[in-house]
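Q: I have a structure here, written as structure tokens, and I will follow up with some questions on it.
The values are calculated or read from the model by the stated rules, or taken from the named source; none is laboratory data. Everything numeric in this text was worked out from a predicted model, so none of it was measured. For neighbour counting, all protein chains shown are included, and Cβ atoms are generated from backbone atoms with ideal geometry for every residue, glycine included. Heads up: the accessible areas ignore ligands, DNA and RNA and are worked out on the full protein's heavy atoms, side chains in. Shrake-Rupley method; radii C 1.70, N 1.55, O 1.52, S 1.80 Å.
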Amino acid sequence: MKLEVQGVDVALSGREIIKSATLKVRSGELVGLIGPNGSGKTTLLKSIYRYLSPSGGVVLLDGTDIRSLSHKERARQMGVVSQFTQLSFDFTVEEMVLMGRAPHKGALSRDTAQDYAILEDALSRVDMLDYRKRSFLTLSGGEKQRILLARALAQQAEILILDEPTNHLDMKYQIQIMDVVQSLGIGVLAALHDLNLTLLYCTYVYVLKGGRIIAHGRPEEVITSDLIRHVYEVEGTVIRHPVTGKLQVLFSPGQAKRL
């Protein structure tokens, strides 16, 4: 499965937010979308999964215009974990995750033994199996985030869109969630704030600034001190960890550009 975004423009309230965005996600790739607050990451993701309608360009799944797919067809192929918004009604954790099975079922179909096996596997992957009978609304922000990922895992889509999947999570669960996502073997597009997580996990990265993709490539080639200074307006030094050999960013306190 391949996701292609070709020349997508998004305008909101008469203002152009995304300008000619083009990117690709192939099966097995974990692609990062990075950029500062207000750069347009969430807006671009929403246009990809059709929460927003682009004013120009096209989004393709394996060469098929996503606009030609029904909601259920699209959901069977593309899973989404968006930034959490409050629910009007409460559900148990189990009910929330089983919603991910809806694209694979008829309107009146009952949950099967296979659905429950998929539910247990998804909750186990995010370390939330013991919470299955809990009220979703009683969970912390980080716990809710893990349940929403479990719901997307239960969907068993071949492309996964993640909007800040490690938001609200402490260090242990940030790493756990990224380990899970990396292990899926499907195409993943993730908006990320943490440049070190991007360097650790992503196979490719796109950089957004002012609604435009200004750079893309392998993370170790793209995430440089010059790019950090230009895009984030802070000083950061990219070094290689002496034990893991992985690149990481060290930030300098007191060096942020004055607002």
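Q: Measure off 7 Å from each Cα along the Cα-to-Cβ vector at Phe251 and Arg67, then give the distance between these two points in nanometres to one decimal.
A: 4.0 nm
Q: Between Glu233 and Tyr51, what is the label-point separation in nm under the 7 Å Cα-to-beta-carbon projection?
A: 2.6 nm
Q: Here's another thing I want to ask about it. Multiplying the sequence separation of Ser135 and Asp170 by 0.36 nm and subtracting their Cα-Cα distance, what value in nm do you get?
A: Extending this stretch completely gives an extra 10.5 nm.
Q: Using only the Cα atoms of the chain, what do you get for the radius of gyration and for Dmax, in Å?
A: Over the chain's Cα set, Rg and Dmax evaluate to 18.8, 59 Å.
Q: Compute the convex hull volume of the Cα atoms of the stretch 1-109, divide it by the residue count, and report the result per residue in Å³ as a whole number.
A: Measuring per residue, one finds 150 Å³ for the Cα hull of the stretch 1-109.
Q: While we're looking at this one, here's another question. Length gain on complete extension for the stretch Glu220 to Thr92, per 0.36 nm per residue less the alpha carbon to alpha carbon distance?
A: 41.9 nm
Q: Mind checking the per residue accessible area of the chain for me, 1.4 Å probe, whole number of Å²?
A: For the chain, the per-residue accessible area is 50 Å².
Q: Can you tell me how the stretch 66-161 classifies by the Cα gyration tensor, rounded, prolate or oblate, using a/c under 1.5 as the rounded cut?
A: prolate
Q: Leaving ligands, DNA and RNA out of it, report the carbon-plus-sulfur percent of the accessible area of the chain at a 1.4 Å probe.
A: 49 percent
Q: Which of the residue pairs Lys144/Lys172; Lys46/Lys72; Lys2/Lys172 have a Cα-Cα distance greater than 24 Å in the structure shown?
A: As for pairs spanning more than 24 Å Cα to Cα, those are Lys2/Lys172.
Q: Which percentage, to the nearest 5, of the DSSP beta bridges contained in the chain is antiparallel?
A: Restricted to the chain, the bridges split so that about 60 percent are antiparallel.
Q: Can you tell which of Ile48, Ile18, Ile239 shows the greatest fluctuation in a Gaussian network model of the chain with Cα springs below 10 Å?
A: Looking only at Ile48, Ile18, Ile239, the biggest GNM fluctuation is shown by Ile239.
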